[in-house]
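Remarks on the structure that follows.
The values are calculated or read from the model by the stated rules, or taken from the named source; none is laboratory data. Since the structure is predicted, the reported quantities are computational estimates derived from the model, not experimental observations. Methodologically, a virtual Cβ is constructed for each residue, glycine included, from the backbone with ideal geometry; neighbour enumeration extends over all protein chains shown.
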Amino acid sequence: MNIDVKYGKDGVQKTEIPDESYIGTFYPKDVRCGDADTVIGESIDSPIGYDSLESFLEGGKDIVFIVNDGTRPTPTAKVLMALSKRMDLRKARFLVATGTHRDMTPEEYDFVFGPLYPELKDRIFAHDAKKSECVYLGKSKNGTPMNVNKMAVEADRLVIITSVEPHYFAGFTGGRKSFLPGVASFETVEANHKLAMSKEAQSLALEGNPVHEDMMDALEVVKDKQIFSIQMVLDRHQNIYKAASGALNPAFDRAVEWAMEVFCVPIPKKADVVISVAPYPMDVDLYQSQKALDNGKWALKEGGKIIMVSKCREGIGHATFLKQLSSSKDPKQVLKNLEAEYKLGYHKAAKMAEIATWADIWAVTDLDPEILRSANITPFPSVDDAVKAALEWKKDATFIVLMDGSVTIPKVSE
């Protein structure tokens, strides 16, 4: 079986897997998508929990939009185009929910705001977790100090544009995530993400997930805030499948149901080798690409090999997470080290080290091979080289390929 594996924005790596070894290539499910402007428009015009967008905005003197940054596939520009037919966007300000990410590049600003960027440019502000002025709103039940960007706290109307897909420790993206970590302080994000060390913090899990519960607490402290959300579920080609608009939590719940339809993918059995791809733009760095590893583990046999494919265009990401991954050649010792103290990024190291206790992590990236080796990851120059090495390891090894590993949740069919 000849396989073309996506690499970077436009690249392809070719490999061949013996037919008798090939279980299959799995994507998020194919679903029928309508015209994007129609799907978005109908959702905005029939909001959950509000009479209309117009009535929601009525009387608003400080309208603030919270939008995802360029590392997310959210089609914000298409939503803004639809909204421009229904309101004067120049009357609003726009806050980019970077979380603890860096500010966006010019290319990413063009991607997020599309043709409206020149017109809105002077109304756009990027949240900086370490520098932006934040307001203290108390503590969550888990003790997380709730510091949220002042612009979001003081707005009398908030409009949130986001997308909903599985998330490896928050259960799902979307909804409450626009506040925490989206526009929260570094201290707040760090305290929240420490909860990701818990085994209950897993993809698809909401009930009993301490990270999700903490995020919901962040919303509780602004529960009197007027919030209108537009939450989309995309298909595997990043077309808009469905959109839920209106009150934040009910719209999120509706979108989660649709996301389950798309991203939970049945597989016939687990494989000896899983090739899990972090596609553009989720391939920005190793820190973000880890999601492809975490999802791929659900399709992997114990003792198998998981091959992460990601260009890692901007390098490692958080240096702290790499430092911890490299603290010992024994993944079990890495986990013990992580239990002693927490800093932001350690949860990523913990999730990767946990996989390394029962499987081998291989990677095809543009990173320095020595950096990967130090982190207990075996580097390969190409996907084909990794496949050949896997067949040398076990000549009858079985293979599964996840082309959108960052958002595909494989589950063995019962």
Residue in region 49-62 that is surrounded by the fewest Cβ atoms within 10 Å (Cβ to Cβ), counting only those that are of a type outside the set (S, T, N, Q) and not in a loop (DSSP other than H, G, I, E, B) | Glu54
Under 7 Å between Cβ atoms, at least 6 apart or on separate chains: pull out the pairs that start in region 388-405 with a residue that is over 28 Å from Lys9 (Cα atoms) and modelled with pLDDT of 95 or more and end on any residue that is among the hydrophobic types (A, V, I, L, M, F, W, C) and surrounded by fewer than 19 Cβ atoms within 10 Å (Cβ to Cβ).
-> Ala397/Leu391
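Table: residues versus (1) surrounded by 19 or more Cβ atoms within 10 Å (Cβ to Cβ); (2) closer than 26 Å to Arg313 by Cβ; (3) among the hydrophobic types (A, V, I, L, M, F, W, C).
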{"residue": "Thr357", "(1), (2), (3)": "no, no, no"}
{"residue": "Ile361", "(1), (2), (3)": "yes, yes, yes"}
{"residue": "Glu392", "(1), (2), (3)": "no, no, no"}
{"residue": "Val401", "(1), (2), (3)": "yes, yes, yes"}
{"residue": "Gly405", "(1), (2), (3)": "yes, yes, no"}
Going by the conditions given, is Lys323 surrounded by fewer than 24 Cβ atoms within 10 Å (Cβ to Cβ) and either part of a helix (DSSP H, G or I) or not assigned by TED's automatic domain parsing to the domain that holds Tyr280 (or both)?
-> yes
Note on region 250-293: residues under 30 Å from Leu391 (Cβ atoms) and among the hydroxyl-bearing types (Ser, Thr, Tyr) are Ser276, Tyr280, Ser289
Being at pLDDT below 95, of a type in the set (Gly, Ala, Ser), surrounded by fewer than 22 Cβ atoms within 10 Å (Cβ to Cβ) and not in a loop (DSSP other than H, G, I, E, B), is that true of even one residue in region 299-319?
-> yes
Being surrounded by fewer than 23 Cβ atoms within 10 Å (Cβ to Cβ), of a type in the set (Gly, Ala, Ser), in the same structural domain as Gly70 (by TED's automatic domain parsing) and modelled with pLDDT under 95 narrows it down to one of Gly138, Gly175, so name that one.
-> Gly138
Residues that are within 17 Å of Gln226 (Cα to Cα), among the small types (Gly, Ala, Ser) and part of a loop (DSSP other than H, G, I, E, B), drawn from region 127-171 = Ala155
Selected residue (only one of Leu367, Leu372, Leu344 is assigned by TED's automatic domain parsing to the domain that holds Ala319, in a loop (DSSP other than H, G, I, E, B) and farther than 24 Å from Lys194 by Cβ) | Leu367
Can you tell me which residues in region 88-108 are over 13 Å from Arg72 (Cα atoms) and among the β-branched types (Val, Ile, Thr)?
-> Thr100, Thr105
Looking only at region 174-231, and only at residues there that are polar (S, T, N, Q) and assigned to a helix (DSSP H, G or I), the one that is nearest to Ile66 (Cα to Cα) = Ser178
Within region 63-90, track down each residue that is over 15 Å from Val183 (Cβ atoms), outside any helix (DSSP H, G or I) and either not β-branched (Val, Ile, Thr) or not assigned by TED's automatic domain parsing to the domain that holds Leu158 (or both).
-> Gly70, Pro73, Pro75, Lys85, Arg86, Met87, Asp88
Which condition number in (1) of a type in the set (Phe, Trp, Tyr); (2) crowded, with 16+ Cβ neighbours inside 10 Å; (3) modelled with pLDDT of 95 or more is the one that Tyr168 fails?
-> (3)
Looking at (1) surrounded by fewer than 24 Cβ atoms within 10 Å (Cβ to Cβ); (2) in contact with a helix residue (DSSP H, G or I) (Cβ under 9 Å, 6 or more places away or on another chain), can you tell me which one Asp285 breaks?
-> (2)
List every residue pair whose Cβ atoms sit under 9 Å apart, with the two residues 6 or more apart in sequence or on different chains, where the first one lies in region 197-222 and is on the phi > 0 side of the Ramachandran plot and the second, anywhere, is in a loop (DSSP other than H, G, I, E, B).
-> Gly208/Glu200
Please find, among Ile316, Ile355, the residue that is within 21 Å of Lys9 (Cβ to Cβ) and touching a helix residue (DSSP H, G or I) at 6+ places or on another chain (Cβ under 6 Å).
-> Ile316
Restricting attention to region 181-193, which residues are among the charged types (D, E, K, R) and either crowded, with 20+ Cβ neighbours inside 10 Å or free of Cβ contacts under 8 Å to residues at least 24 places away in the same chain (or both)?
-> Glu190
Name the single residue, out of those in region 161-179 being of a type in the set (A, V, I, L, M) and under 13 Å from the mean Cα position of the chain (by Cα), that is nearest to Arg254 (Cα to Cα).
-> Val164
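Between Phe26, Phe111, which is touching a Leu at 6+ places or on another chain (Cβ under 7 Å) and either farther than 30 Å from Ile400 by Cβ or modelled with pLDDT of 95 or more (or both)?
Result of the check over Phe26, Phe111: Phe26.
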When region 18-48 is examined, which residues are found to be of a type in the set (S, T, N, Q), touching a strand residue (DSSP E or B) at 6+ places or on another chain (Cβ under 7 Å) and not in a helix (DSSP H, G or I)?
-> Thr25
Lys9 outside the structural domain of Ser245 (by TED's automatic domain parsing) and assigned to a loop (DSSP other than H, G, I, E, B) = yes
